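Notes follow once the structure below has been shown.
The values are calculated or read from the model by the stated rules, or taken from the named source; none is laboratory data. A quick note: this is a predicted structure, and the numbers were derived from the prediction, not measured. Note that each Cβ is placed from the backbone with ideal geometry, even for glycine, and that neighbours are counted across all protein chains shown. Areas reflect the complete protein model, heavy atoms only, side chains present, ligands, DNA and RNA absent. Shrake-Rupley method; radii C 1.70, N 1.55, O 1.52, S 1.80 Å.
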Amino acid sequence: MAMCSRAAAAIRRRGGVALAPPHARAMASLFGHVEPAPKDPILGVTEAFLADPSPDKVNVGVGAYRDDNGQPVVLDCVREAERRIAGNLNMEYLPMGGSIKMIDESLKLAYGEDSEFIKDKRIAAVQALSGTGACRLFADFQRRFLPDSQIYIPTPTWSNHHNIWRDAQVPQRTFTYYHPESRGLDFAGLMDDVKNAPNGSFFLLHACAHNPTGVDPTEEQWREISYQFKVKNHIPFFDMAYQGFASGDPERDAKAIRIFLEDGHQIGCAQSYAKNMGLYGQRAGCLSILCEDEMQAVAVKSQLQQIARPMYSNPPVHGSLVVSIILNDPELKSLWLKEVKGMADRIIGMRKALKENLEQLGSPLSWDHITNQIGMFCYSGMTPEQVDRLTNEYHIYMTRNGRISMAGVTTGNVAYLANAIHEVTKTK
């Protein structure tokens, strides 16, 4: 009671206003200057879709595969791998560099089953937190050991690429990639930028199924790009998030990388198993850097591990077990190849269906780019205003740059989607 009385008296002396203790007031203002971060443009689409009560709503913004009923998919090969894991394997820490088995299988997938670089132990590789983590590890490595370098990033690209190299404090430049008028590759502009970049520049290249455009160079164009990189001594860093998912053939989807290897480039490569195995939430990936010899590869790997240590110490075990079991077992690998081709074929089929529906509606526009592009995304060419109309009038959700996730297109909604696109694009 005495304590309460003294407190009440103190409040009266201050004019009846109770003041918080000084340390509490300091804490209250410590984070007062922090503003809410802007919403992620892709994740914000899903939030808006989920909040819409319309029964007709369609989400073609999400970058994750869906079946023809619009439902998430777990591959049969993944289910079998998990069955083998359950109750049979421990969950101890992995080494800082991750699972050796998963790394070995990942390198075969990217560099080739009989790669001379694997045999000669010239590749420094670590397990990474999917493709994002692999890119970030490489960006930090670049910053630490090549502090005067910069990275050339295509216009446009996956938005997180800019975030990754920005937060690693690597200066960024852009190079020409997409040609809006043709909805295809601006090859002449790309080559001009490659030629005009300072010798020895780093370039970020999408190995296949360019995100967000779905526009890839042809094999011959890749060969010309590789040749010009050699002339300029540029360093290619490949982000390969869709191997197998783009064409249905992992070997075909790795063709760009193989061309650069044939031409003698020292490459970096980020791999992800999110799309091609459906391991979105497992964060399973690999970062590899081709070095001059085995001794250099050992040194580079040790430094990649040192960068990873204060970030996350070591990578997660479950996804690495799933990947290594599938790729190590001939029967499961064969099943995976069949299933990843099935996913790619469904996407390709939906591209054809969307184009045919638009043409049958009498659209005055050419929609050839829908089937010319490849992979999960179609860069439709629609304006932000047209996308807004799709959302407001038809409850169709996508990013405002007009990127359609073909994974969200099904036989049940393709006609509705085509009709809505036709309505918002038939007049300017």
Original post:
With point charges of +1 on the Cβ of Lys and Arg and -1 on the Cβ of Asp and Glu, referenced to the Cα centre of the chain, which listed residue (THR176, GLY189, VAL317) lies farthest in the positive direction of the dipole?
Top reply: VAL317
**OP:** Over the chain, give the accessible area per residue in Å² for a 1.4 Å probe, as an integer.
**Re:** 48 Å²
Original post:
Which FRET efficiency value, to the nearest 0.05, is calculated for ASP249 and GLU82 with the Förster distance at 25 angstrom and r the Cβ-Cβ distance?
Top reply: 0.45
Original post:
Which residues in region 333-371 place their backbone N less than 13 Å from a point set 7 Å from the Cα of THR218 along the Cα-to-Cβ direction?
Top reply: none
**OP:** Summarise the accessible area of region 290-403 (1.4 Å probe, protein heavy atoms) by the percent that is carbon and sulfur.
**Re:** 51 percent
Original post:
Ranked highest first by the average count of other Cβ atoms within 10 Å around their residues, in what order do 371-379, 149-157 fall?
Top reply: 371-379, 149-157
Original post:
How many percent of the accessible area of region 159-246 is carbon or sulfur, using a 1.4 Å probe?
Top reply: 45 percent
**OP:** Describe numerically, in nm with one decimal, the distance between label points set 7 Å from Cα along Cα→Cβ at SER363 and at ASN160.
**Re:** 2.9 nm
Subject >> Per-peptide average of other Cβ atoms within 10 Å, ordering 33-46, 110-123, 242-255 highest first >> reply: 242-255, 110-123, 33-46
Subject >> Residues in region 60-74 reached by a label modelled at THR371 [backbone nitrogen below 13 Å; 7 Å Cα→Cβ] >> reply: none
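For the chain, give me the percentage of DSSP beta bridges that are antiparallel, rounded to the nearest 5 percent. Write out the running numbers ahead of the final one.
Numbers: 18 of 36 bridges.
The antiparallel fraction comes to roughly 50 percent.
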Original post:
When ranked by the protection proxy of mean other Cβ atoms within 10 Å per residue, highest first, what sequence do the peptides 266-274, 220-228 form?
Top reply: 266-274, 220-228
Original post:
Label ASP68 and GLN169 with points 7 Å out from Cα along Cα→Cβ: what is the distance between them in nm?
Top reply: 5.4 nm
Original post:
Rounded to the nearest 20 Debye, what is the dipole magnitude of the chain about its Cα centre when Lys and Arg each give +1 and Asp and Glu each give -1 at the C-beta?
Top reply: 1980 debye
Original post:
Tell me, what is the FRET efficiency for ASN90 and TYR416 to the nearest 0.05, using R0 = 56 angstrom and their Cβ-Cβ distance as r?
Top reply: 0.70
Subject >> Using a Förster distance of 45 Å, the FRET efficiency for SER313-THR383 (Cβ separation, nearest 0.05) >> reply: 0.45
Original post:
Taking a 32 Å limit on the Cα-Cα distance, which of the listed pairs LYS275/LYS352; LYS121/LYS275; LYS195/LYS338 fall beyond it?
Top reply: LYS195/LYS338
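Full extension from ALA51 to ASP114: what is 0.36 nm times the residue separation minus their Cα-Cα distance, to one decimal in nm?
Extra length from ALA51 to ASP114 when fully extended: 17.6 nm.
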**OP:** Read through the labelled values (1) 0.99; (2) 0.94; (3) 1.15 and report the label of the one computed as Cα Rg over 2.2 N^0.38 Å from the structure.
**Re:** (3)
Original post:
If you put +1 on each Lys and Arg Cβ and -1 on each Asp and Glu Cβ, how big is the dipole of region 285-428 around its Cα centre, in Debye rounded to 20?
Top reply: 260 debye
